[in-house]
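Just so it is clear, none of the values below were taken in a lab; they were calculated from the coordinates. For clarity, every value in this text was computed on a predicted model and none was experimentally measured. Using ideal geometry, Cβ is built from the backbone for each residue, glycine included, and neighbour counts are taken over all protein chains shown.
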Amino acid sequence: MDNLSKVLNETLQATLPSIGKGQVANYIPALANINPNQLGVAIADLDGKVFKAGDADIPFSIQSISKLFTLIQAMKIYGEAIWKGVRRDPSGLRFNSLVQLESEHGIPRNPFINAGALKICDQLESRCSTPNFQLLSLLKELSHNNSIKVNHRVAISEIKHGARNAAMAYLMKAFDNFENSVEKVLESYAHHCAIEMSCVDLARATLPLANKGKTLTGKALITTKQCKRINALLVTCGLYDEAGEFAFRVGLPGKSGVGGGIVAIYPGKFSLCVWSPELNKTGNSLAGFELLERLTGALEISIF
Ligand code: DON
């Protein structure tokens, strides 16, 4: 690991020319004005060390990366019962597609597409007194950063322009697969997506997934079995209809967000996060994806 900082800097430099080739997310208007010229990467290892390069300390909108943490919360509360309302298979479709949900009777394919994450939020709403506060507290604890907060302007912008998510939630309700008020859950979901964290925060927060579910102090965040299952879902569904391509080119479990972040797990070794706001056509960070491909290539790491 001695040369990790050097490799991070080299791969970041090699990736900089890709900035300008993608498009920042603009279907949530409050995300559209971000400076696209940013690229950061951070690694948190099991010895408690953090390695970073570029814009690794700048907080960004975690968006769908929040789905990983709401899944962790729901698995802790519900155990196996969580799978009653959501499946565990890749959808092969865009993260906010509606077509499958109708033909599959309101049961989302997996917890990482929007419909599945909304169902997970519905479950949290049923059992948590303050779901948003509880998620924020978990993220602060895992990343050792008490200043993590929600960007309310982004949350409100998403609620105002969230017709597709509303359609998914109402469709699930029509199929009797949604317990709570649609508006309430949409509001909660939008607030989760609008949390802002840096690459360093997210690398630290995902470290238990590289450590069989335990934090560095040995506390079990989730069980070893749950950790295995979440990593399996990250491989098969974490990058939506680009999950196969990500496994092929990067070779690690990963989760992306339209804020331009991607977290990845190297089990038994470290967790990492890259961020660059411009997205490719699938809605995943263009430069972030490329940086991860270069980095895993240079370090010769993969789960395969
Ligand atoms: O619900 C949405 O569409 C966004 N708040 C999150 C989507 C997202 O991040 C998909 N990731 N690549």
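Evaluate the relative contact order of the range 4-299 (contact order divided by residue number), counting alpha-carbon pairs under 8 angstrom at least 6 apart; express in whole percent.
On the way: 608 pairs, mean separation 84.8, N = 296.
For the range 4-299, the relative contact order is 29 percent.
Would you tally the net charge around Gly79, using a Cβ to Cβ cut-off of less than 13 Å, leaving Gly79 out, and scoring K and R as +1, D and E as -1?
On the way: positive: Lys76, Lys84, Arg127, Lys225, Arg229; negative: Glu80.
Counting the neighbours of Gly79, the net charge comes to +4.
I'd like the Karplus ³J(HN,Hα) series for the range 58-75: coefficients 6.51, -1.76, 1.60, θ = phi - 60°, whole numbers in Hz, and an x wherever there's a Gly or Pro.
Coupling constants for the range 58-75: 8, x, 9, 6, 6, 6, 5, 5, 4, 5, 5, 7, 5, 5, 4, 4, 5, 5 Hz.
Please list 3J(HN,Hα) in residue order for the range 211-226, calculated via the Karplus relation 6.51 cos²θ - 1.76 cosθ + 1.60 where θ = phi - 60°; whole Hz, with x for glycine and proline.
With the stated coefficients, the range 211-226 comes to 10, 6, x, 9, 6, 5, 7, x, 6, 7, 6, 9, 7, 4, 5, 5 Hz.
For Leu279, what residues show an amide H to amide H distance below 5 Å, using hydrogens built from the backbone and excluding near sequence neighbours?
HN-HN under 5 Å from Leu279: Gln23, Val24, Ala25, Leu286.
Taking K and R as +1 and D and E as -1, what net charge do the other residues with C-beta under 15 Å from the C-beta of Pro59 add up to?
Charge balance near Pro59 sits at +1.
DSSP loop trypsin sites (Lys or Arg not before Pro) in the range 179-258 with at most 13 other Cβ atoms within 10 Å of their Cβ, which ones? Walk me through the intermediate numbers first.
Details: sites: Lys184, Arg204, Lys212, Lys214, Lys219, Lys225, Lys228, Arg229, Arg249, Lys255; in loops: Lys212, Lys219.
In loop regions of the range 179-258 (DSSP not H, G, I, E or B), the sparsely surrounded trypsin sites (Lys or Arg not before Pro) are Lys219.
Considering the chain, which cysteines have no disulfide-compatible partner, defined as another cysteine with its Cβ under 4.7 Å away?
Cys121, Cys128, Cys193, Cys227, Cys237
Around Lys214, which amide H atoms from residues at least 5 apart in sequence, or from another chain, sit under 5 Å from its own amide H, with H modelled in the peptide plane?
When sequence neighbours closer than 5 places are left aside, the close amide H contacts are Leu221.
How charged is the neighbourhood of Phe289? Take every other residue with its Cβ under 14 Å from the Cβ of Phe289, and add Lys/Arg as +1 and Asp/Glu as -1. The partial results should precede the final answer.
Details: positive: Lys21, Arg249, Lys255, Lys281, Arg294; negative: Asp241, Glu242, Glu245, Glu278, Glu290, Glu293.
Overall, the nearby charge balance is -1.
Could you check the spin-label model distance between Asp89 and Arg153? Points 7 Å from the Cα along Cα→Cβ, value in nm.
Each label point is offset 7 Å from its Cα along the Cβ direction, giving 4.3 nm.
Kindly flag which residue pairs out of Lys149/Lys214; Lys67/Lys119; Lys184/Lys228; Lys140/Lys225 have an alpha-carbon separation exceeding 22 Å in this structure. Write out the running numbers ahead of the final one.
On the way: Lys149/Lys214 24 Å; Lys67/Lys119 11 Å; Lys184/Lys228 31 Å; Lys140/Lys225 24 Å.
Exceeds cut-off: Lys149/Lys214; Lys184/Lys228; Lys140/Lys225.
If I fit a long axis through the Cα atoms of helix 286-299 and take the longest principal axis of the Cα atoms of the chain, what angle between them do I get, 0 to 90°, rounded to 10?
50 degrees
I'd like the Karplus ³J(HN,Hα) series for the range 270-285: coefficients 6.51, -1.76, 1.60, θ = phi - 60°, whole numbers in Hz, and an x wherever there's a Gly or Pro.
7, 10, 9, 9, 10, 8, 7, x, 6, 9, 8, 5, 8, x, 10, 4
Obtain the nm distance between the two label points defined at Arg127 and Arg164 by a simple spin-label model: each point lies 7 Å from its Cα along the Cα-to-C-beta direction.
Distance between label points: 2.9 nm.
Would you mind checking the radius of gyration and Dmax of the chain based on alpha-carbon positions, in Å?
17.7, 56
Given H placed on each backbone N at 1.01 Å, which residues far from Ile195 in sequence or on other chains put an amide H within less than 5 Å of it?
Under 5 Å from the amide H of Ile195: Ile62, Gln63, Asn151.
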